[in-house]
Amino acid sequence: MKPEDEPYALQTLSERQRRSAMLHQSHIEPLVTYLAKIKAEHPEKELPCFDPCDGGIHAKALFLLEAPGPKAVGSTFISRNNPDPTARNICDLLQEAGISRGDTLLWNIVPWYVGDENHIRAVNNDDIRQSFPYVKELLSLLPDLEVIALLGKKAQSAKSQIRPLTSVPIIDIPHPSARVFNVWPHKKDEMKEHLRQIAAMIKYNAGGQ
């Protein structure tokens, strides 16, 4: 199995170093520049990077979660390969749906870590207000975008703000955390169905069946 297909791959230093070395590649470099701008404007914030194994500016499906967790801060990447159960669920379910990794981009409504050294807190309306201009800018960097998926209620709370910025479909998907799937098992099936719809949408727009 390739490292980019393996859950928890970013728990190893060698894989984190390999991906860091990929950040100059043309599909991801504009997003690295975009992120550098955010860091310059908010030097006190901890901002993980986009995963260069994703599609970067060529992404057709943008998956927006709430905010980076401690594992993303630790690995320095927003990635399905981070060593946490939510990332593993995303990794497994996207593969199962048959969505090509190069067609995807994972990010968050709030791009920086919210919380302190002890624990992450929930995203609030002020966090979304402060970070929303960067969501708008991100969308302008994705010319091939065909669908936006909002994962979880916090991300979905920004839907009315995102809607005027784009003509692509916006799909609400349950948050893929282990807690959500354990408490509400049907939400995993709901997410699978939504991902099948996204896979079909991308293939249809590409001229597939």
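Which residue is surrounded by the fewest Cβ atoms within 10 Å (Cβ to Cβ), if the candidates are limited to the stretch 12-21 and must be under 18 Å from the mean Cα position of the chain (by Cα) and of a type outside the set (Gly, Ala, Ser)?
Arg16
Residues Val168, Val180: which one is closer than 28 Å to Asp84 by Cβ and of a type in the set (A, V, I, L, M, F, W, C)?
That would be Val180, the only listed residue that is closer than 28 Å to Asp84 by Cβ and of a type in the set (A, V, I, L, M, F, W, C).
Among the residues of the stretch 97-123, which ones are assigned to a strand (DSSP E or B) and modelled with pLDDT of 95 or more?
Thr104, Leu105, Leu106, Trp107, Asn108
Looking at Ser26, Ser79, Ser75, can you tell me which residue is surrounded by fewer than 16 Cβ atoms within 10 Å (Cβ to Cβ) and of a type outside the set (Phe, Trp, Tyr)?
Sole residue among the options that is surrounded by fewer than 16 Cβ atoms within 10 Å (Cβ to Cβ) and of a type outside the set (Phe, Trp, Tyr): Ser26.
With a cut-off of at least 2 residues that are at pLDDT 95 or above and farther than 21 Å from Ile202 by Cβ, name the helices (runs of 4 or more DSSP H) lying wholly within the stretch 1-96.
13-20, 29-41
What are the residues in the stretch 86-144 that are under 30 Å from Lys2 (Cβ atoms) and aromatic (Phe, Trp, Tyr), if any?
Trp107, Trp112, Tyr113
Under the condition of being of a type in the set (Val, Ile, Thr) and within 11 Å of Ala158 (Cα to Cα), which residue from the stretch 101-133 is farthest from the chain's Cα centre (by Cα)?
Top of the filtered list is Ile128.
Going through Pro85, Pro48, Pro52 one at a time, which residue ends up being farther than 24 Å from Val135 by Cβ and surrounded by 16 or more Cβ atoms within 10 Å (Cβ to Cβ)?
Pro85
Based on what the data block shows, is Ala97 among the small types (Gly, Ala, Ser), in contact (Cβ under 8 Å) with a residue 12 or more places away in the chain and more than 24 Å from Pro143 (Cα to Cα)?
no
Conditions: (1) buried (at least 18 other Cβ atoms within 10 Å of the Cβ); (2) among the aromatic types (Phe, Trp, Tyr); (3) farther than 20 Å from Arg16 by Cβ. Phe132 meets all but one. Number of the miss?
(1)
Consider the stretch 193-209. How many of its residues are modelled with pLDDT of 95 or more and in contact with a helix residue (DSSP H, G or I) (Cβ under 6 Å, 6 or more places away or on another chain)?
3
Within the stretch 124-146, is even one residue modelled with pLDDT under 95 and of a type in the set (A, V, I, L, M)?
yes
Kindly provide the set of residues from the stretch 134-171 that are in a helix (DSSP H, G or I), free of Cβ contacts under 8 Å to residues at least 24 places away in the same chain and within 17 Å of the chain's Cα centre (by Cα), ordered by number.
Of everything in the stretch 134-171, those that are in a helix (DSSP H, G or I), free of Cβ contacts under 8 Å to residues at least 24 places away in the same chain and within 17 Å of the chain's Cα centre (by Cα) turn out to be Ser140, Lys153, Gln156, Lys159.
The values are calculated or read from the model by the stated rules, or taken from the named source; none is laboratory data. As the structure is a computational prediction, the values presented were derived from the model and not from experiment. Backbone-built Cβ (ideal geometry, glycine too); neighbour counts: all protein chains shown.
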